[in-house]
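Let me begin by presenting the structure, written as structure tokens, before commenting on it.
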Amino acid sequence: MRVLVTGASGFIGNALVTALGAAGHEVRAALRRPGQFDFPIRVEIVRHADLASPIDWMPLLVSVDAVVHLAGIAHVGSDVPDALYDRVNHLATAELAAAAKRAGVKRFVFISSIRAQSGPTADHVLTEADDPRPTDAYGRSKLAAEAAVRASGAPFTILRPVLIYGSGVKGNFAALARLAALPLPLPFAAFRNMRSLLGRDNLITAVLFVLGNTASSGETYLVADPEPLSVADIIAAVRQGLGRSPGLLNVPPSLVHMLLRISGRESLWSRLSGDLVVAPDKLIHAGWRPRSDTRAALARIGHERN
């Protein structure tokens, strides 16, 4: 199968391209700046234009059997205008899905986000049966992109991953890992709120699974490691990989919130507070098998920071 991967140089895309090649697929890796990136395996590298403007995707789809669409604005931030989220995450996806239909692509896998379904916290365990209620421009742009993919007529599968971790991760999880790596006690023993996480390798196995499973066509799946963890457990697992004890102090979360607000770091609070638990049962029942255990994978991240 020849697979076009957009956003191929990113945190997920780079590893996915390598995994697809190892699985015997021919890969066409689409990047904005092809000359600035090398893959560890032999792949066809093509350039795609800036998603902030309309794109003619048809030349990239010649002789392509499947598409995995990763490219887009991959973070939530107040510095990104709502219109840019919509252009890059929604309209560029709509253009690609419509082109894939015209080109006769057999599989279109869209990597959406849990934020298309929920805000940063939820008061119950989320499943695909819950009505989507995004709370910000990023989530709304992803949900609109999902609707465009469904309307395109291309044979699609939509994946909604939760917070992704792995070697070289950036963003919210990187900030949490840096915090865990500090050589001092941390006031998070009382943070028993639960969070679903997703290892990058587990997301990649999900992509490979749906590409090879025709029954997943037309389906939307939440993707998460099977075991949610508390913030205290996440920090303890990373510190285990560092060869340290958890080193967690029992401080009331309300006091931690106040201290973060006073110190001008209240944005960190959203990464530490509230529950966001996802049930990946639908994908597991379809036949997906996660590759790695969450606690062991988090310990490996800690070990890499040694």
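The values are calculated or read from the model by the stated rules, or taken from the named source; none is laboratory data. None of the values given here were measured: they were computed from a predicted structure. For neighbour counting, all protein chains shown are included, and Cβ atoms are generated from backbone atoms with ideal geometry for every residue, glycine included.
Pairs are defined by a Cβ separation below 8 Å, a sequence spacing of at least 6 or placement on different chains, a first member in region 167-195 that is closer than 19 Å to VAL277 by Cα, and a second member that is charged (D, E, K, R) and surrounded by 13 or more Cβ atoms within 10 Å (Cβ to Cβ); the pairs so defined are ASN172/ARG271; LEU176/ARG271; ASN193/ASP275; MET194/ASP275; ARG195/ASP275.
Here VAL3 fulfils each of the conditions (1) surrounded by fewer than 22 Cβ atoms within 10 Å (Cβ to Cβ); (2) touching a residue at least 40 places away in the same chain (Cβ under 8 Å) apart from (1). Of all the residues in region 191-220, those that are hydroxyl-bearing (Ser, Thr, Tyr) and surrounded by fewer than 22 Cβ atoms within 10 Å (Cβ to Cβ) number 4. Looking at (1) surrounded by 13 or more Cβ atoms within 10 Å (Cβ to Cβ); (2) of a type in the set (D, E, K, R); (3) without any contact (Cβ under 8 Å) to a residue 40 or more places away in the chain, which is the one condition that is false for ARG265? With (1) surrounded by 13 or more Cβ atoms within 10 Å (Cβ to Cβ); (2) of a type in the set (D, E, K, R); (3) without any contact (Cβ under 8 Å) to a residue 40 or more places away in the chain applied to ARG265, the lone miss is (1). Condition check: modelled with pLDDT under 95, surrounded by 18 or more Cβ atoms within 10 Å (Cβ to Cβ) and in contact with an Asp or Glu (Cβ under 9 Å, 6 or more places away or on another chain). Does VAL105 satisfy that? Here the answer is no, as VAL105 does not meet what is asked. All of (1) modelled with pLDDT of 90 or more; (2) in a loop (DSSP other than H, G, I, E, B); (3) not aliphatic (A, V, I, L, M) hold for ASP38 with one exception: (1). The listed residues are ASP79, ASP65, ASP86, ASP131, and the only one of them that is at pLDDT below 95 and acidic (Asp, Glu) turns out to be ASP79. For region 112-126, a residue qualifies if it is in contact with a helix residue (DSSP H, G or I) (Cβ under 7 Å, 6 or more places away or on another chain) and under 26 Å from PRO155 (Cβ atoms), and the qualifying residues are SER112, SER113, ARG115, ALA116. Right, GLY302: among the small types (Gly, Ala, Ser) and either surrounded by 15 or more Cβ atoms within 10 Å (Cβ to Cβ) or touching a helix residue (DSSP H, G or I) at 6+ places or on another chain (Cβ under 6 Å) (or both) or not? Yes. Quick check: anything in region 202-215 closer than 17 Å to VAL169 by Cβ, in contact with an Asp or Glu (Cβ under 7 Å, 6 or more places away or on another chain), in a helix (DSSP H, G or I) and not β-branched (Val, Ile, Thr)? Yes, region 202-215 contains at least one residue that is closer than 17 Å to VAL169 by Cβ, in contact with an Asp or Glu (Cβ under 7 Å, 6 or more places away or on another chain), in a helix (DSSP H, G or I) and not β-branched (Val, Ile, Thr).
Whether any residue in region 9-22 is farther than 20 Å from VAL169 by Cβ and among the polar types (S, T, N, Q) is what I want to check. Checking region 9-22: not a single residue is farther than 20 Å from VAL169 by Cβ and among the polar types (S, T, N, Q).
Quick grid of which residues meet (1) over 19 Å from PHE156 (Cβ atoms); (2) of a type in the set (Val, Ile, Thr); (3) part of a helix (DSSP H, G or I); (4) out of contact with any Asp or Glu (no Cβ under 7 Å at 6 or more places or on another chain):
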{"site": "GLY13", "(1), (2), (3), (4)": "no, no, yes, yes"}
{"site": "ALA19", "(1), (2), (3), (4)": "yes, no, yes, yes"}
{"site": "PRO54", "(1), (2), (3), (4)": "yes, no, no, no"}
{"site": "VAL67", "(1), (2), (3), (4)": "no, yes, no, yes"}
{"site": "ALA74", "(1), (2), (3), (4)": "yes, no, no, yes"}
{"site": "LEU84", "(1), (2), (3), (4)": "yes, no, yes, yes"}
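A search for C-beta distances below 8 Å between a residue of region 27-48 that is buried (at least 19 other Cβ atoms within 10 Å of the Cβ) and any residue that is polar (S, T, N, Q), counting only pairs 6+ apart in sequence or on different chains, returns ALA29/SER9; ALA30/THR6; LEU31/SER9; HIS48/THR6. Under the condition of being basic (Lys, Arg), assigned to a helix (DSSP H, G or I) and either without any contact (Cβ under 8 Å) to a residue 24 or more places away in the chain or more than 22 Å from LEU283 (Cβ to Cβ) (or both), the residues counted in region 107-149 number 1.
Can VAL223 be described as in contact with a helix residue (DSSP H, G or I) (Cβ under 7 Å, 6 or more places away or on another chain) and under 30 Å from ALA145 (Cβ atoms)? Walk me through how you get there before you give the answer.
Details: in contact with a helix residue (DSSP H, G or I) (Cβ under 7 Å, 6 or more places away or on another chain): yes; under 30 Å from ALA145 (Cβ atoms): yes.
Yes; evaluated as a whole, the condition is true for this residue.
Quick check on region 269-291. Is at least one of its residues surrounded by fewer than 13 Cβ atoms within 10 Å (Cβ to Cβ), assigned to a helix (DSSP H, G or I), of a type in the set (A, V, I, L, M) and on the phi < 0 side of the Ramachandran plot? No, region 269-291 has no match at all.
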